[in-house]
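Have a look at the structure below before the remarks.
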Amino acid sequence: MTGGLRIGASLRGGHGVTDVRAGARWMVERARAARQAGLDSLFLGDHHVTGFPYYQNVPMLGRLLGEWGDAPAGALFLLPLWHPVLLAEQVGTLAALAGGRFILQCGLGAGEAQFAGMGGTLRGRAAAFETNLAIVRRLLAGEEVTVDRPAPIRAARIGPLPPEPVQVWIAAAAPAAIDRAARLGEGWIAGPALTVAEARAQLDTYRERCAAHGRPVRATVIRRDVHVGADQADADRVADPVLAAGYRGFPPDAAVVGGPEHVGQAFAELAEMGYTEVLVRHLAEDQAEVLASYERLADVRAALVAR
């Protein structure tokens, strides 16, 4: 069955612009286009000390929620880089702004430079992830929290509290991380660089680890970097130069490029494996091409619903 597959938007946060207002405007326009296409969710990523314009997720999502309506929305947070009280306060506020369910995506984070720039180290990040997630969940549930690690917190409470429980989706690729997602999350996010075979194998691992922990398989999410053209030739015209330049080091079949029918078939294959959500990020830089691709995603979504 593929009709239940949900398609969400994962907006690119980094834009190589000289006019920083232009990059912010593009993100607003892309969120608006995703809503007009009837996509099922909206998400932003998390990255720090980039040295180029990377629009931070909390203020940007606050702006985009004004475009979004009542479909689910959320953001990724690299938990070891955030103070848990600050993060819980940001999530509580965003959830109050959102018209629908708020989803907290979270990951370990990587990169020595990113961690050093935020005053941290990669060492111990898995333990920090679990500790911070537990604190954030307690705070979002309205508890008063006092802990000694990873930093002393005394009698902390937050407000506003989310109007409904916040779901936690955990991004994971390594076997130990997939096990952590099965043990702690309400969903798991597979990475965008997976081949079809790797996507199937990692989903099997996630299911097995959920069973081992006695937990149900809930949201199974995969990101796909895409371009939807009017037809295959039109899609290749836009995507081929990007992929030929070695786009993020992805293998050739990780990106999904084609007309609406081809993209729909690729998404249907993921649904048949057992994925419940595909989050799309666009390959193209050109704003007009990205907006046109979003418009065609409406046709992809309608075809999947009709299956």
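Beta-bridge orientation, the chain: approximately 10 percent antiparallel, per DSSP, counting only bridges with both partners inside. Plainly put, the chain has a radius of gyration that is 0.95 times its Kirkwood radius, both from alpha-carbon atoms, as the Rg/Rh ratio.
In region 128-194 the Cα-Cα distances spread across 10 Å bins starting at 0 as 19, 42, 30, 9, 0 percent of all pairs. Neighbours of Pro251, meaning other residues whose beta-carbon lies under 12 angstrom from its beta-carbon, give a summed charge of -2 when Lys and Arg score +1 and Asp and Glu score -1. Inter-label distance, Val196 to Glu208: 2.2 nm, where each label sits 7 Å from its Cα along the C-beta direction. Taking Cα atoms only, the orientation of helix 57-68 departs from the longest principal axis of the chain by about 50 degrees. Relative to the longest principal axis of the chain, what angle (0 to 90°, nearest 10) does the C-alpha long axis of helix 260-273 take? The two axes meet at around 40 degrees. Placing unit charges on the Cβ atoms of the charged side chains and taking the dipole of the chain about its Cα centre, the candidate lying farthest along the positive direction among Gly62, Gly8, Gly38 is Gly62. Other residues with beta-carbon under 13 Å from the beta-carbon of Ala141 carry, at +1 per Lys or Arg and -1 per Asp or Glu, a net charge of 0.
Only the coordinates and a few stated rules stand behind these numbers; no lab work does. The structure displayed is predicted, hence computed values, not measured ones. Positions of Cβ are backbone-derived with ideal geometry, glycine not excepted, and every protein chain shown enters the neighbour counts.
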